[in-house]
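The values are calculated or read from the model by the stated rules, or taken from the named source; none is laboratory data. Bear in mind the structure is a predicted one, so any value in this text is a computation, not a measurement. Glycine also receives a Cβ, built like all others from the backbone with ideal geometry; neighbour counts cover every protein chain displayed. Heads up: the accessible areas ignore ligands, DNA and RNA and are worked out on the full protein's heavy atoms, side chains in. Shrake-Rupley method; radii C 1.70, N 1.55, O 1.52, S 1.80 Å.
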Amino acid sequence: MSQSREGQVNMNAIKNVLKNNYRNSELDEFLKEELKDAGFGGADIQKSPLGTRLTLYVTRPGLVIGRKGSGIRDLTSKLEVKFGLSNPQISVVEVDVPELNPKIMCNRLAQLIERGTAFRRAALWTVNTVKNAGALGVEVTISGKLRSERAHFEKHSAGIIPKSGNMADKVVREGIANVLTKMGIMGIRLKIAIKDATPPEFELLSMHKEHATNDNEIDAKVVDKSSSTQEEETTGKNKPKEILENTGEINK
């Protein structure tokens, strides 16, 4: 009996976790469509005894808040009706560097393709923009009916993208978007490796080379200073001798 009760408790816990994850994914999809114009970059959901706290990361917080808080009130009422959230408390945070947020850049890439920009040109623009913003690496994968009726995919990347292990879990951020075109649905997956998220025990080869070159430059400067001081000392010792020799010649 005890084993059966433990099994039922475990199954209930698993069902609750799956239910929460499914609801969070639905909520994320709803916020992505609702806040598309505001540059939605993700949301943090926290439950508390007082209610549910949502932190929204956007590029244009003024569109979310609205005039005199009307946007926040409308969004709160929609969340209460559609998802049954009790007393949702919404806070809006502006993203400092939107080029390093994969969800924002993935939505921008999707909007470019929707407007008629060639997918390869839009992907290369995204790669260059993210890399110039200071990312460790970036990878864009576009799949679907790109050029013909047969579906295939193209991948564009730059820099370093860890693929597996603890390093990939800590450094890599991922964003996914779908675009409906005349040929059909096109899927976009964007991965960004954040340089600041690298653990302290991991040292990049480029950073090691920069430190080595800086150390070599400092050593070269020290050697130049020491050689110049030695030359000054030798010239200072030789000058009085020349003066004495000259004076001796004059006295003769």
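One table, with the values for the structure above:
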quantity	calculated
Any hit, the stretch 112-134, residues being of a type outside the set (A, V, I, L, M), assigned to a strand (DSSP E or B) and closer than 23 Å to LYS191 by Cα	no
Residue tally, condition of a type in the set (D, E, K, R), open to solvent by 20 Å² or more (accessible area, probe 1.4 Å) and touching a residue at least 40 places away in the same chain (Cβ under 8 Å), over the stretch 135-193	5
Failed item, numbered, when GLY42 is tested on (1) in contact (Cβ under 8 Å) with a residue 40 or more places away in the chain; (2) at negative phi	(2)
Filter result (of a type outside the set (A, V, I, L, M), over 12 Å from SER157 (Cα atoms) and open to solvent by less than 30 Å² (accessible area, probe 1.4 Å)) within the stretch 112-134	PHE119
Test: residue in the stretch 99-115 that is polar (S, T, N, Q), farther than 24 Å from VAL130 by Cα and out of contact with any Cys (no Cβ under 8 Å at 6 or more places or on another chain)	no
Residue satisfying all of: in the stretch 82-111; part of a loop (DSSP other than H, G, I, E, B) and of a type in the set (A, V, I, L, M); nearest to GLU29 (Cα to Cα) among these	LEU85
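A quick yes/no check of all residues on (1) within 21 Å of ASP96 (Cβ to Cβ); (2) open to solvent by 50 Å² or more (accessible area, probe 1.4 Å); (3) not in a helix (DSSP H, G or I):
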| site | (1), (2), (3) |
| --- | --- |
| ILE14 | no, yes, no |
| SER25 | no, yes, no |
| LEU31 | yes, no, no |
| ASP44 | yes, yes, yes |
| LYS47 | no, yes, yes |
| TYR57 | yes, yes, yes |
| GLY69 | no, no, no |
| LEU75 | no, no, no |
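The rows are residues; the columns are (1) among the acidic types (Asp, Glu); (2) modelled with pLDDT of 90 or more; (3) within 24 Å of the chain's Cα centre (by Cα).
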position: SER148; (1), (2), (3): no, no, no
position: HIS152; (1), (2), (3): no, no, no
position: ARG189; (1), (2), (3): no, yes, yes
position: MET207; (1), (2), (3): no, no, yes
position: ASN216; (1), (2), (3): no, no, no
position: ASP224; (1), (2), (3): yes, no, no
position: GLN230; (1), (2), (3): no, no, no
position: ILE243; (1), (2), (3): no, no, no
position: ASN246; (1), (2), (3): no, no, no
